[in-house]
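Taking it in order: structure first as structure tokens, then the write-up.
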Amino acid sequence: MENDNAMQSITSEQLAILLHKSQTETRQDQKLYLESLGGNGSARELDLTLSVARHDSSALAESERLTQRWNAERFPDTLAVDRSVSQAVNFFLASLISGDFGPDDSRDGRSSAFLKDPNIVARTTGIFIERLRTNHQGEVMNHDEAEAHAIDYLRDYLW
């Protein structure tokens, strides 16, 4: 980062605000906020700073509080999807796209299969999400089972 020294002095409170903005505002708004803190506002800087923020327990707790308040004002009587669900879907999609589930180990084979039916990724992901179950706190309880069910569909469809 060009403005590495300026960004090193970012506080947990500022990281919390940035995390909150990542849940509630556009990327451009997030970049502008980084610039206001002395950063360069690049996409790379934003992603790196958000990564740092996600490892700051104080920032995470404060961001959660801010986001809960925002949700209560904008969407009363609703529940947000727990972060563990988002992480499960993210991990599943990364594995799916990288080819961990087939159709073979070659990038060309994967690309060909996905291009043959561009909706296969969406359908497979939908099956994964529909199979996910959470506890009363919203935490994912059966990632492996949901993944196995989606992979079964994918392999049956492609082979």
Residue match in region 140-147 (condition: on the phi < 0 side of the Ramachandran plot, of a type in the set (Val, Ile, Thr) and touching a strand residue (DSSP E or B) at 6+ places or on another chain (Cβ under 7 Å)): yes
Selected residue (criterion: surrounded by the most Cβ atoms within 10 Å (Cβ to Cβ)) from residues of region 61-84 that are at pLDDT 95 or above and hydrophobic (A, V, I, L, M, F, W, C): Leu66
Region 25-46 - residue that is assigned to a helix (DSSP H, G or I) and exposed (fewer than 13 other Cβ atoms within 10 Å of the Cβ) and, of those, farthest from the chain's Cα centre (by Cα): Ser36
Selection from region 121-138 of residues that are touching a helix residue (DSSP H, G or I) at 6+ places or on another chain (Cβ under 7 Å), within 20 Å of Ser95 (Cα to Cα) and not in a helix (DSSP H, G or I): Leu132
In region 108-156, the residues that are modelled with pLDDT of 80 or more and of a type in the set (Phe, Trp, Tyr): Phe128, Tyr153
Tally of residues being more than 26 Å from Asn142 (Cα to Cα), under 19 Å from the mean Cα position of the chain (by Cα) and free of Cβ contacts under 8 Å to residues at least 40 places away in the same chain across region 66-101: 1
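The values are calculated or read from the model by the stated rules, or taken from the named source; none is laboratory data. Please read all numbers here as calculations on a predicted model, not as lab measurements. So basically every Cβ, Gly included, is an ideal-geometry build from the backbone, and we count neighbours across all protein chains shown.
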